Amino acid sequence: MTPVGLQHYLVLAAVLFSAGLCTMVVKRNAIGILIGAELLLNAANINLLAFSKYSAGTLDGAILALFVIVLAAAEVAIALAIFLNFYSRFASVDVDRGDQMRG
Amino acid sequence: MDNLDTIVFYFLAALALVGAMGILVSRNIVRTAMWLLATLVAAAGLYFLLGAAFVGAIQLIVYAGGTLVLIIFGVMLTAKNPNVSYTPRTAEIVLGVVLCVLLAGALIFVLHGTAWPNNVKSVEEVKRMSQAQRDLVGPNNPDATESTGRRFLGDYLVPFEVLSLVLLAVLIGAAYLGRPKVPVIGAPRGVNPPPGQEGPRK
Amino acid sequence: MNAILGPLITIVCVLGAVLTLAALLIWVERRLLGLWQDRYGPNRVGPFGLLQSVADMVKIFFKEDWLPPLADRAVFIIAPGIVMAVTLLSFAVVPWGPGLAVADLNVGLLFVLAMSSLSVYSVALGGWASNNKYSLLGSLRAVGQMISYEVFMGLSLLGVVLQAGSFNLSDIVEAQRGLWFCLPQCVGLGVFFVAALAETKRIPFDLPEGENELVAGFHTEYSGFKFAMFFVAEYIGVTLVSALTVVMFLGGWLGPWLHPVAWFAIKTLAVIAFIVLIRASLPRPRYDQLLALGWKLLLPLALANLLVTGAIVLAQGE
């Protein structure tokens, strides 16, 4: 087996990123879309730490990853509060229901 | 030892990929969240493998233990019938999947064509450094956690403080968005909206 | 070969000790409850009823393993496994004596907190997958309670981390050589203990399974071995928080004359007995009282403790 290096992590993160993007495109459930976004953020975090370990050799990758984790928590808190309001208005979290303002 | 690392990497990578595919394919929203849990745990394992134990632990505590629990909480509150699923049109699914496969292919193609620089310091080099120099180094740094703390209160002080402001704003915003829309019987003063200003009743 | 065999033996010993202790705890708790409530408790099977847990286990093995017809089968089956796995994993970093831990992680304390926060999933998913209103209510309560009290638990332990200057549990024990942290960190100890009781869903805080309101809460639909896993995991959780209290506040294995492991065991058993005494004597609060206690009393206390400890450590360092 070839030893694991930067490329392995980058390819893994690329596939995770594409899967997350695909989830966001394909799902109609608002919470499903949110979960897709979480996948994107995790792919980015894997990249940050892999570059930190194999290429840059600095601590900044870990620090940025910590920022990402905290911001993801904040994002989910707000998004869920919005979804709960959405749900109390439309009795569903199907994002297609929220098209009342289309021209 | 290198061999063990390789095996662990492939195991965690497989777990993360299976989780990602599960998220993509699963119709049931709680199942989707469970697959995300698998991916998050695998990612945390990868962080441990990459020598960032602190980030891995924080990932488990905040992401897996807080954020995803919040999502599952949201699912429980918004799913009247937990097995309900929303299906998009087939054409949309096909288009989305094709585009994302193309994206993944393009990314992997570019990644294989690029040579990344390698500025990683060895263990001996890190040992010879002064404290201030060592704080900049991630891999092979024995006190990476302490260095992270010093960097947060040093170079990254302003983003760190801005982040706490963001969290405060999120706290207030979430409390505002989540306030009761219809009067709650027996609630303490200030929780219910004043008479005449209640939101729409549904 | 020794590099693999040594850790394996430690792992087997720790697993054996923890599982035996958990089984024994069921008997110990019932006997102690009997003692404090002026009755006998189980005393028929074996000497002093010691084999009661064995009899219970045999009974549970032969019970019908029932799946609710509308349950989400896979999630329903996985849920009790999660709590069992994560509570047992937490023991990997607990130091039983000097150098006696399965894994001496640098972020050991964070690892324990991470594992305890993952145990929320078994409750949330188990209650959801049962497709039962009582279970769902129980698991909603449990999620709210556990993610709230996790915050106070982490904050109350940070004072100890500041004083010891490390997340490593062995280092924390060594830092208590002069003075156990239960004295300078008495506020932290109080907050931690209340939060730990709530995390393990023990009696004063057992609202997720409050039997006179919710049948049995999140595990209403569980039977047979899957129920046993929830049940045993609760006792393993009690052992874990007791061991953690000892490591963080009561000097771990430190003590005169006796073997370090013996000291650790004695202190842990004493904390467990105290937890049982609390069960025997305290009533259950309402759910809003529980959350108010956490956010209005424990959180400010823990933050103030952290602030004062930080200031003192900073002043001493200069």
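The values are calculated or read from the model by the stated rules, or taken from the named source; none is laboratory data. The model shown is predicted, which means the values in this text are computed figures rather than measured ones. We place every Cβ from the backbone using ideal geometry, glycine too, and count neighbours over all the protein chains shown.
Some values worked out for this structure:
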{"quantity": "Hey, C:I203 surrounded by fewer than 22 Cβ atoms within 10 Å (Cβ to Cβ), out of contact with any strand residue (DSSP E or B) (no Cβ under 7 Å at 6 or more places or on another chain), over 26 Å from C:D104 (Cα atoms) and more than 10 Å from chain B (Cβ to nearest Cβ) or not", "calculated": "yes"}
{"quantity": "Extreme residue, nearest to C:T220 (Cα to Cα), among residues of region C:71-118 that are at the interface with another protein chain (Cβ under 9 Å from one of its Cβ atoms) and part of a loop (DSSP other than H, G, I, E, B)", "calculated": "C:D72"}
{"quantity": "Failed item in (1) surrounded by fewer than 22 Cβ atoms within 10 Å (Cβ to Cβ); (2) more than 7 Å from chain B (Cβ to nearest Cβ); (3) not in a loop (DSSP other than H, G, I, E, B); (4) not aromatic (F, W, Y), with A:A43 passing the rest", "calculated": "(1)"}
{"quantity": "Residue list for region C:208-258, restricted to those being part of a loop (DSSP other than H, G, I, E, B) and either touching an Asp or Glu at 6+ places or on another chain (Cβ under 7 Å) or among the basic types (K, R) (or both)", "calculated": "C:A216, C:S223"}
{"quantity": "Pair list, Cβ under 8 Å, 6 or more apart: region C:173-202 residue farther than 21 Å from C:T239 by Cα and in a helix (DSSP H, G or I), other residue hydrophobic (A, V, I, L, M, F, W, C) and at pLDDT 80 or above", "calculated": "C:V187/C:L301; C:V187/C:A302; C:V187/C:A304"}
{"quantity": "All positions within region A:63-103 that are surrounded by 16 or more Cβ atoms within 10 Å (Cβ to Cβ) and either at positive phi or part of a loop (DSSP other than H, G, I, E, B) (or both)", "calculated": "A:S92, A:V93"}
{"quantity": "Elements of type helices (runs of 4 or more DSSP H) in region B:56-164, at least 1 residues being within 13 Å of chain C (Cβ to nearest Cβ) and out of contact with any strand residue (DSSP E or B) (no Cβ under 9 Å at 6 or more places or on another chain)", "calculated": "B:68-78, B:144-152"}
{"quantity": "Test: residue in region B:30-40 that is outside any loop (DSSP other than H, G, I, E, B), among the aromatic types (F, W, Y) and at the interface with chain C (Cβ under 10 Å from one of its Cβ atoms)", "calculated": "no"}
{"quantity": "Test: residue in region C:270-279 that is out of contact with any Cys (no Cβ under 7 Å at 6 or more places or on another chain) and within 22 Å of C:P98 (Cβ to Cβ)", "calculated": "yes"}
{"quantity": "Any chance B:Y10 is touching a Leu at 6+ places or on another chain (Cβ under 6 Å), in a helix (DSSP H, G or I), at pLDDT 85 or above and not aliphatic (A, V, I, L, M)", "calculated": "no"}
{"quantity": "Meets criteria (touching a Phe, Trp or Tyr at 6+ places or on another chain (Cβ under 9 Å), without any contact (Cβ under 8 Å) to a residue 60 or more places away in the chain and under 21 Å from B:F73 (Cβ atoms)) for A:K53", "calculated": "no"}
